[in-house]
Amino acid sequence: MADHLLEVRNLSVEFHTAVGVVKAVRDMSYHLDRGETLAILGESGSGKSVSSSAIMNLIDMPPGRISSGQILLDGVDLLTMPLSQRREINGRKIAMIFQDPLSHLNPVYTVGWQIREALTTHGTDSAKAQAEALRLLGRVGIPDPGHALDKYPHEFSGGQRQRVAMSRAIIRHPKAFLFDETLSNLDARLREQMRAEIKKLHADLKATSIYVTHDQVEAMTMADKIVVLNAGNIEQVGSPMELYNRPRNLFVAGFIGSPRMNLIEGVEARKRDVATIGIRPEHMAVSVTDGLWKGTVGVAEHLGSDTFCHVHTETAGTLTIRTAGDTMLKHGDTIYLTPDERRMHRFNTEGLAV
Amino acid sequence: MSIEATAVIDEPPFFKRMFRMLLADKFALCAAIFLLIVLLMAIIGPSWLGDLATKQNLRGRNAAPFDFEKAWVWWMGADALGRPLLARIIVATQNTIMVAAGAVLISAVTGTVLGLIAGFSSPRVSQIIMRLADVIMSFPSLLIAVIVLYILGSSILNLMMVLAITRIPVYLRTTRAEVLEIRERMFVQAARVMGASSKRIVFRHILPVVLPTLTTLATLDFAYVMLAESALSFLGIGIQPPEITWGLMISQGRQYLTNAWWLSFWPGLAIILTTMSLNLLSNWLRIALDPVQRWRLEMKGAKNG
């Protein structure tokens, strides 16, 4: 137990709203070991940001309230800690990097001032902070860091701002990083690039990170372990491949994987004595001559590397399948699908995997 | 990659940069020069023209302006007791600026600090401060002034305090409203995450963002305070003759408005020009101090010279 860097135990957070008390996070527990990257994955409103805000003491109380639970950092509970100590934790042990870097940088100060502030707030002298800021700006890949220090946030591009935000986080040598939807605001190409850079930085710093995101690709690529959230509850915790191969319930099954898993109810499920069966688009064999399920091709989406087809079958409903990029399938074709029974997921009436 | 493109030019030091930006805005430049003159007058006026401004000359009562054969102090005419108006305006500058600047400064600082506290602290503290502001606002300001000045006697300091107190709610409410908005902004959260103390967040992160609004407000208030002071002087509880202020001069000239307009006109003009200059300068300052807007002035400056 003692080896967990960060451990969230039975955390519940609720908010008082006009329509009554809303439980944003319910009895949540997870832990993070040193050097590990944990992703907290969930859709909007699943409580993922609330749980990270609780760690950073960002929840406004009231209207928010942490009704129960502990957040242990190195075995010390953050929630019962006096505010001044908590500030030190925020400053030195955990660094948070936000979604929109422009709004997270104060528009009236230079970037250099703001990076330095991360150190000067906690008593480092200004000259030392300046040298450190200069070194880090270069490290995160800002061209000409010497001059960049005297620029204002609005003079940078989106990606550069995010790099600035990152150097501001790194400068304190925190024990853990908390990324809150950090890449969501960047365009696709930049996101990929930054993803790779963050991973590299991770390896260099041997960092421990929590990665809050709604993007499963991000979670799958960055994390050693993923916590899947839904409506304030943890649905499953596991490694990316575990979640992909052995989803514990219907929600995770439908959430992880793109395109999403085909969930089939009705006669095909009853044949196998379960309430629902799930088969991933990539786990079905396609044939034009014979197979288990007969169907006609509806829409074919060509992505280049793959083609996703929506197939209307007689007994299994509409299924999505993944075929080769150069497939000849087109609208109206009759095809036969054979699911790989070994890779089929079975769920009972409560939606749990069996 | 604008970073690389502009990196070649070294940034000049702060004051040089500000001066260049001032040159770029001609209106602001005029305003700054005018205000400099006013300031100079305020400092040297009373010792320079003090005697001349208070010496009565009943033969020259309400002498008309633009009589350029007389000495220059008479060019704006004379008041009801035959005292040269131009000299009086110059001498009055000191009191006027002292009362107005003092009142604006006191009310702005107090109001801002209270507003910051009200905006950032617990709802309870905020409530107390806001109700206090409501009390001040619901009381007719002139009534407070009359009572206080009656009790304490009228002096420049008391006048300053009274005017300041009545204007505090303006700054308080503005600041609080801005703080409530800005504290929800993400950079404040980022500062919290960084472990900054509340004091630091309020003074280093929120205040600089509110400040431009407050400067504009303060310059507008400058005119208001000058006129309020004249109203009090008119009631006889403000500055007492033989001390003079522009406001007092206006009210003294009021009974002669129909036959000697210049009695009130010149001090009125002085008030208008001063506030207008302040306004122009604050407008310039707002842009010059805003890193996002600054290029407007710098670009203009580059084009001009």
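Data overview
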read-out	value
Qualifying position, being at pLDDT 80 or above, surrounded by fewer than 21 Cβ atoms within 10 Å (Cβ to Cβ), assigned to a helix (DSSP H, G or I) and at negative phi, among A:GLN85, A:GLN70	A:GLN85
Qualifying positions in the stretch A:268-317 - in a strand (DSSP E or B), under 25 Å from A:LEU243 (Cα atoms) and within 30 Å of the chain's Cα centre (by Cα)	A:THR276, A:ILE277, A:GLY278, A:ILE279, A:MET284, A:ASP306, A:THR307, A:PHE308, A:CYS309, A:HIS310
Which listed residue is surrounded by fewer than 18 Cβ atoms within 10 Å (Cβ to Cβ), outside the structural domain of A:GLY91 (by TED's automatic domain parsing) and within 29 Å of A:GLU88 (Cβ to Cβ), from A:GLY146, A:GLY123	A:GLY123
Hits in the stretch A:334-345 - residues which are part of a strand (DSSP E or B), over 26 Å from the mean Cα position of the chain (by Cα) and not aromatic (Phe, Trp, Tyr)	A:THR334, A:ILE335, A:LEU337, A:THR338, A:PRO339
Search result, residues across the stretch A:126-140 that are more than 12 Å from chain B (Cβ to nearest Cβ) and either surrounded by 16 or more Cβ atoms within 10 Å (Cβ to Cβ) or within 24 Å of A:ALA196 (Cα to Cα) (or both)	A:ALA129, A:GLN130, A:GLU132, A:ALA133, A:LEU134, A:ARG135, A:LEU136, A:GLY138, A:ARG139, A:VAL140
Subset of the stretch A:316-333 (residues that are of a type in the set (D, E, K, R) and touching a Pro at 6+ places or on another chain (Cβ under 9 Å))	A:ARG322
Count - residues of the stretch B:178-210 that are over 21 Å from A:ARG168 (Cα atoms), surrounded by fewer than 18 Cβ atoms within 10 Å (Cβ to Cβ) and either touching a residue at least 60 places away in the same chain (Cβ under 8 Å) or facing chain A (nearest Cβ under 8 Å) (or both)	1
Lone qualifier among B:THR274, B:THR258, B:THR245 - being away from every other protein chain (no Cβ under 14 Å), more than 24 Å from B:LEU49 (Cα to Cα) and polar (S, T, N, Q)	B:THR258
Unmet requirement for A:GLU181, which otherwise passes all of (1) at positive phi; (2) in contact with a helix residue (DSSP H, G or I) (Cβ under 7 Å, 6 or more places away or on another chain)	(2)
Lone unmet requirement of (1) at pLDDT 85 or above; (2) under 30 Å from B:ARG61 (Cβ atoms) for B:VAL225	(2)
Of the criteria (1) among the aromatic types (Phe, Trp, Tyr); (2) under 27 Å from B:LEU143 (Cβ atoms); (3) surrounded by 22 or more Cβ atoms within 10 Å (Cβ to Cβ), which one B:TYR224 fails	(3)
Test: residue in the stretch B:82-89 that is part of a helix (DSSP H, G or I), farther than 30 Å from B:LEU289 by Cβ and small (Gly, Ala, Ser)	yes
Scan of the stretch A:12-63 for residues that are within 14 Å of chain B (Cβ to nearest Cβ), touching a strand residue (DSSP E or B) at 6+ places or on another chain (Cβ under 7 Å) and surrounded by 15 or more Cβ atoms within 10 Å (Cβ to Cβ), ordered by number	A:SER49, A:VAL50, A:SER52, A:ALA54, A:ILE55, A:MET56, A:ILE59
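The values are calculated or read from the model by the stated rules, or taken from the named source; none is laboratory data. A quick note: this is a predicted structure, and the numbers were derived from the prediction, not measured. Virtual Cβ from ideal backbone geometry, glycine too; neighbours counted across all protein chains shown.
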